[in-house]
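In what follows, a single structure is set out as structure tokens and then discussed.
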Amino acid sequence: MSLLHEPISDIHKRLVAKEITPTDLVEESLTRIKKVDGKVQAFLMVDEEGARARAFELGERVKSGETLSTLSALPVGIKDNMATKGLPTTCGSKLLQNYEAIYDATVVQKLNAAHTITIGKTNMDEFAMGSSNENSGYYPVHNPWDLKRVPGGSSGGSAAAVAAGEVAFALGSDTGGSIRQPAAFCGVVGLKPTYGLVSRYGLVAFASSLDQIGPLTKDVRDSAYVLQAIAGHDAYDSTSANVEIPDYVSALTGEIKGLKIGVPKEMMGAGIDPGVKEKIEAAIRVLEGLGAVVEEVSLPHSDYAVATYYLLAPAEASSNLARYDGVRYGQRIEGENLLDLYHRTRSEGFGAEVKRRIMLGTYTLSSGYYDAYYLKAQKVRTLIRQDFESIFQDYDVILGPTTPTPAFMAGEKVDDPLTMYLNDICTVPVNLAGLPAMSLPCGRVDGLPIGLQLIGPAFSEANLLNTAYAYEQHGERLPKLDLEGGEA
């Protein structure tokens, strides 16, 4: 089993005790990547030289007696839609295959300040558009639990890298479930923070009113450590919230007696796999056993969430991706004139799913259809947000499945976009409302991990993490995964 399967706090203790060095951790990560990533394909690039140099630098600082943070020397994966100075930032797209950012995203700056080591950039659906990672412009990611199945998307590379023990943790982005869904499929913990809690500066925009960066980790405590490092106000992000950041790690008491949990009947009804429903009901019994009060509630407008999301997100994408025209960024295909240059560059640079969403979004925003589609979708978004606000007047947490089914087979839905979009039915309402939510493992169905989704009011991450921690200590755990022999 990889050393990187151990909890962050255990690795840190070994580092402080000088049982291991930063170089040991980097070599463990690089060795693991060489051993398993040919099967998983979680990384688009690995920065061996940079990681070794960073490990040497941190090792010298440890020798000099410098006190380092809990995240010190941990090898991490960064989703390839976050700017990393001097490294490629392709967004999983051929259109940006030669693009290198000239600055670090704020989250990358914060991890650097916490003395982490960036191992490389993780694979993703092109421009974060997808639920299976089959839309990567380079190659698909495979689920470490079953290499014939998808890892989820769009942060599938980050989730798979953590599950396979290639890195200590990874960052992903979540526009409609892109952290939580792959976390559920790969059996790891994924946290989508409240919109505005974590800076989006340096995150390549897909849908700006929905995008949010968050951690993918092995367990809940690790998630708290990483969130502590990346949360906080950023003057470079106009949507960043200037709120006090609590101590997320200290909040992990496991005490939830009297906690009121609502279970929306819409998340446990038609379309939810019976095996998934059984695991969620078992998780509810665990939480009730710990003193939580669990009752059925309703999100009456959630039936419209997928349709609303797939009008608003493509509309924002069509605007955000207009900048990729072959003039300033990435790939450039010369043409007979300027318009021909635009046409050839975008036709050859974008993949099929990105083109589909740009066309849908452009249509939604076009004259004569704006009121009928975009404006109406914004009004429904308000109703969905009000549904959540109404529940949170009486309840502390909302609980349900992260996904309707376990991980599906690669190629199973790739030619049926509508069926693929419905896979987001449990996650997109949270993004539309701007709320925090997380997915954590709650057992397996047919040998595949299942995700338990917890949703809280805005900026309630401390309570959300503690609820997840309480379940994690008493609920069903997954066996350790060893790609060489299945389970370790």
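The values are calculated or read from the model by the stated rules, or taken from the named source; none is laboratory data. Bear in mind that the values here come from a model prediction, so they are computed numbers and not experimental data. FYI the Cβ positions are ideal-geometry reconstructions off the backbone, even for glycines, and counts take in every protein chain you see. Please note that ligands, DNA and RNA were not included when accessible areas were found on the heavy atoms of the full protein model with its side chains. Shrake-Rupley method; radii C 1.70, N 1.55, O 1.52, S 1.80 Å.
Before moving on, here are some points about what is shown:
- Enumeration of residues in region 66-93 that are open to solvent by 50 Å² or more (accessible area, probe 1.4 Å) and at pLDDT 95 or above: Lys85
- Taking the criterion of being free of Cβ contacts under 8 Å to residues at least 60 places away in the same chain and either over 15 Å from Arg14 (Cα atoms) or of a type in the set (A, V, I, L, M) (or both), the residues of region 61-72 that qualify are Arg61, Val62, Ser64, Gly65, Glu66, Leu68.
- Selection status of Arg346, among the charged types (D, E, K, R) and either more than 22 Å from the chain's Cα centre (by Cα) or part of a loop (DSSP other than H, G, I, E, B) (or both): yes
- Count of residues meeting criterion [touching a Ser or Thr at 6+ places or on another chain (Cβ under 7 Å) and in a loop (DSSP other than H, G, I, E, B)] in region 415-436: 7
- In the condition set (1) open to solvent by 70 Å² or more (accessible area, probe 1.4 Å); (2) closer than 23 Å to Glu134 by Cα, Arg344 is compliant with all but (2).
- Condition check for Ala184: small (Gly, Ala, Ser), at pLDDT 95 or above and either surrounded by fewer than 16 Cβ atoms within 10 Å (Cβ to Cβ) or under 26 Å from Asp387 (Cα atoms) (or both): yes
- Ser460 vs. criteria surrounded by fewer than 24 Cβ atoms within 10 Å (Cβ to Cβ), within 26 Å of Ser209 (Cβ to Cβ) and at pLDDT 95 or above: yes
- Inside region 137-149, residues that are under 17 Å from Pro441 (Cα atoms) and in a loop (DSSP other than H, G, I, E, B) make up a count of 2.
- For region 470-487, the condition of being under 16 Å from the mean Cα position of the chain (by Cα) and not aliphatic (A, V, I, L, M) holds for none of the residues.
- When restricted to residues that are open to solvent by less than 70 Å² (accessible area, probe 1.4 Å) and not in a helix (DSSP H, G or I), region 17-65 contains 11.
- Some residue of region 235-247 being in contact (Cβ under 8 Å) with a residue 40 or more places away in the chain, more than 22 Å from the chain's Cα centre (by Cα) and within 24 Å of Val293 (Cα to Cα): no
- Checking every residue in region 288-307 against the condition of being part of a helix (DSSP H, G or I), hydroxyl-bearing (Ser, Thr, Tyr), open to solvent by less than 40 Å² (accessible area, probe 1.4 Å) and touching a Lys or Arg at 6+ places or on another chain (Cβ under 7 Å) gives zero matches.
- Filter result (in a helix (DSSP H, G or I) and open to solvent by less than 20 Å² (accessible area, probe 1.4 Å)) within region 254-274: Met267
- If you go through region 114-136 and keep only what is in contact with a Gly (Cβ under 7 Å, 6 or more places away or on another chain) and in a loop (DSSP other than H, G, I, E, B), you end up with Asn123, Met124, Asp125, Gly130, Ser131, Ser132, Asn133, Asn135, Ser136.
- Per the conditions (1) within 16 Å of the chain's Cα centre (by Cα); (2) farther than 22 Å from Asp325 by Cβ, the sole criterion not satisfied by Glu126 is (2).
- Selection from region 349-405 of residues that are closer than 28 Å to Val188 by Cα, aromatic (Phe, Trp, Tyr) and assigned to a helix (DSSP H, G or I): Phe388
- Verdict on Ala251 being part of a loop (DSSP other than H, G, I, E, B), farther than 25 Å from Leu481 by Cβ, touching a residue at least 60 places away in the same chain (Cβ under 8 Å) and open to solvent by 20 Å² or more (accessible area, probe 1.4 Å): yes
- Cβ-Cβ contacts under 9 Å between residues 6 or more apart (or on different chains), taken from a first residue in region 372-391 that is farther than 13 Å from Pro457 by Cβ to a second residue that is open to solvent by 70 Å² or more (accessible area, probe 1.4 Å) and assigned to a helix (DSSP H, G or I), are listed as Tyr373/Tyr363; Ala377/Tyr304; Val380/Tyr304; Leu383/Tyr304; Ile384/Tyr304.
- Within region 94-113, being open to solvent by less than 10 Å² (accessible area, probe 1.4 Å), within 22 Å of Arg332 (Cβ to Cβ) and assigned to a loop (DSSP other than H, G, I, E, B) holds for one residue alone: Ala101.
- Within region 364-413, the set of residues being among the polar types (S, T, N, Q), touching an Asp or Glu at 6+ places or on another chain (Cβ under 9 Å) and buried (at least 20 other Cβ atoms within 10 Å of the Cβ) comprises Thr403 only.
- Filter pass, Leu227 being aliphatic (A, V, I, L, M) and touching a Ser or Thr at 6+ places or on another chain (Cβ under 6 Å): no
- Residue in region 187-195 that is among the hydroxyl-bearing types (Ser, Thr, Tyr), under 27 Å from His12 (Cα atoms) and open to solvent by less than 30 Å² (accessible area, probe 1.4 Å) present: no
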